[in-house]
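The values are calculated or read from the model by the stated rules, or taken from the named source; none is laboratory data. As the structure is a computational prediction, the values presented were derived from the model and not from experiment. Cβ atoms come from the backbone with ideal geometry, glycine included; neighbour counts cover every protein chain shown. Please note that ligands, DNA and RNA were not included when accessible areas were found on the heavy atoms of the full protein model with its side chains. Shrake-Rupley method; radii C 1.70, N 1.55, O 1.52, S 1.80 Å.
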Amino acid sequence: MRREFILGALIVVGGLAIAAAAQQPPAPAPSASALEVNKLKDNLFVLSGGGGNTSVFVQANGVTVVDTKNPGWGQPVLTKIRELTNKPVTTIINTHTHGDHVSGNVDFPATIDVVVHEKTAAHMKEMPIFAKTGVGLPKRTFGDSMTLGSGNDRIDLHYFGRGHTDGDAWVLFPALRVMAAGDIFSGKNVPFLDYANGGSGVDIPDSLMKAYTATAKSVDSIITGHSTVMTPADLREYVDFNRDMLNAVREAKKSGKTVDEFVKGWTLPAKYKGYAPMSPRLQANVEGMYKEIR
């Protein structure tokens with residue numbers, strides 16, 4: 001009898017919980033008012049919130065958008081752009097394949113040109129958000145570099161190697177001396193190395209250094225993937241940070257330490273003041289790096 005009573009009580013409690021959940025108001029839809037606007041130049045803006053940073057480049061005959069945030073945030077981005085200019089969005093550039101940078105693509109008109117690195121295009125085709133309609137998928141791709149437009153409207157796209165993924169695009173606005181880096185330089189933090197999408201902890205220091213060497217003299221400001229706007233000097237420091245971490249992992253593996261032993265014992269070098277605290281991603285990064293290191 002007691003067992004039947006307890007079972008009945010659990011069923012009642014479970015039913016009440018389900019009913020209560022059903023009565024909860026749905027989460028509010030993303031709103032343009034939640035997006036923060038940072039005006040870098042008269043015709044270049046950064047929208048933060050709702051995912052990775054979004055760059056809005058207003059050109060003579062239209063607007064190029066770099067990265068479109070999480071699912072549901074495409075329309076708020078469009079709404080915010082309309083507050084900044086009456087020119088239509090003509091082009092989307094996605095810096096890499098992750099959902100917090102590409103998912104908003106589906107909310108933009110199907111006529112918009114979408115440009116990405118060739119490796120990113122292959123990954124995006126596998127993403128469920130694009131499976132139903134195909135709207136928002138790339139229409140053009142590049143390998144090492146591509147130039148869009150000319151004069152003050154020119155955009156240079158570069159690929160400097162694997163890092164965050166195997167398709168990280170760097171987007172340079174030459175006339176403005178500004179570059180968008182995406183998540184290969186998301187901010188001053190332990191990088192997220194997405195090995196499932198071709199990322200590399202061994203290659204990332206060299207890839208970052210190539211970006212620095214190629215652009216340091218032509219860029220004043222760098223739009224990071226998730227943090228504040230930084231400088232080439234910050235990028236150069238981030239090169240050193242990633243190389244120091246790689247060298248520490250190499251030494252640990254060479255000395256016979258396990259991944260867990262390294263993760264528990266490694267701390268941020270004091271010279272990297274202001275870097276984000278150690279994150280859970282370190283474990284996955286080091287596991288991947290141990291497999292990469294021969």
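Quick one: Cα centre-to-centre distance for the range 164-215 and the range 253-294, in angstrom?
About 20 Å separates the Cα centre of the range 164-215 from the one of the range 253-294.
Using a Cα-Cα cut-off of under 25 Å, which lysines could be cross-linked to Lys39, ignoring same-chain neighbours fewer than 8 residues away?
Lys69, Lys80, Lys87, Lys188, Lys217
Calculate, in nm to one decimal, what Ser218 and Asp244 gain on full extension: separation in residues at 0.36 nm each, minus their alpha carbon distance. Mind dumping the intermediate values first?
Details: separation 26, 0.36 × 26 = 9.36 nm, distance 2.64 nm.
Contour length minus the Cα-Cα distance gives 6.7 nm.
Could you please put Asp156, Asp203 in sequence from largest to smallest accessible area, using a 1.4 Å probe?
Of Asp156, Asp203, the descending order of accessible area is Asp203, Asp156.
Glu118 to Lys254: extension gain in nm, 0.36 nm per residue of separation minus the Cα-Cα distance?
Working: separation 136, 0.36 × 136 = 48.96 nm, distance 3.55 nm.
Result: 45.4 nm gained on full extension.
What are the membrane-span-like helices in the chain by this rule: whole DSSP H runs, Cα extent along the axis at least 18 Å, mean Kyte-Doolittle hydropathy at least 1.0? Kindly include the intermediate steps, with their values, before the conclusion.
Values: long enough: 2-23 (32 Å, 1.35); 232-254 (33 Å, -0.98).
Within the chain the helices that satisfy the rule are 2-23.
For the chain, set up a GNM with springs between Cα atoms under 10 Å and report which of Arg82, Arg162, Arg236 has the largest fluctuation.
Arg82
Between Ala270 and Thr228, what length in nm is gained on full extension when 0.36 nm per residue of separation is reduced by their alpha carbon distance?
On the way: separation 42, 0.36 × 42 = 15.12 nm, distance 2.15 nm.
Taking 0.36 nm per residue and subtracting the Cα distance, the gain is 13.0 nm.
Quick check for you: which residues of the range 147-173 have the amide N under 16 Å from the point 7 Å beyond the Cα of Asn61 toward its beta carbon?
148-155
Dividing the Cα convex hull volume of the chain by residue count, how many Å³ per residue is that?
Values: hull volume 54.2 nm³, N = 294.
It is 184 Å³ per residue.
With a ≥ b ≥ c taken as the square roots of the eigenvalues of the C-alpha gyration tensor of the range 123-242, please select rounded if a/c is under 1.5 and otherwise prolate if a/b is larger than b/c or oblate if it is not?
Oblate is the answer for the range 123-242, as a/c is 1.5 or above yet b/c matches or exceeds a/b.
Label the range 75-193 by shape, choosing from rounded, prolate and oblate, from the square roots a ≥ b ≥ c of the eigenvalues of the Cα gyration tensor; if a/c is under 1.5 it is rounded, and otherwise prolate applies when a/b is larger than b/c, oblate when it is not. Please report the intermediate quantities before stating the final value.
Values: a/c = 1.41, a/b = 1.06, b/c = 1.34.
Rounded is the answer for the range 75-193, as its axis ratio a/c remains below 1.5.
How much FRET efficiency would the formula 1/(1 + (r/R0)^6) give for Ala196 and Thr111, where r is the Cβ-Cβ distance and R0 is 41 Å, rounded to 0.05? Numbers along the way, then the final one.
On the way: r = 32 Å, r/R0 = 0.78.
That gives a FRET efficiency of 0.80.
Going by the alpha-carbon gyration tensor, a ≥ b ≥ c the square roots of its eigenvalues, is the range 197-239 rounded (a/c under 1.5) or, if a/c is not under 1.5, prolate (a/b greater than b/c) versus oblate? It would help to have the intermediate numbers written out before the result.
On the way: a/c = 2.22, a/b = 1.39, b/c = 1.59.
The shape class here is oblate.
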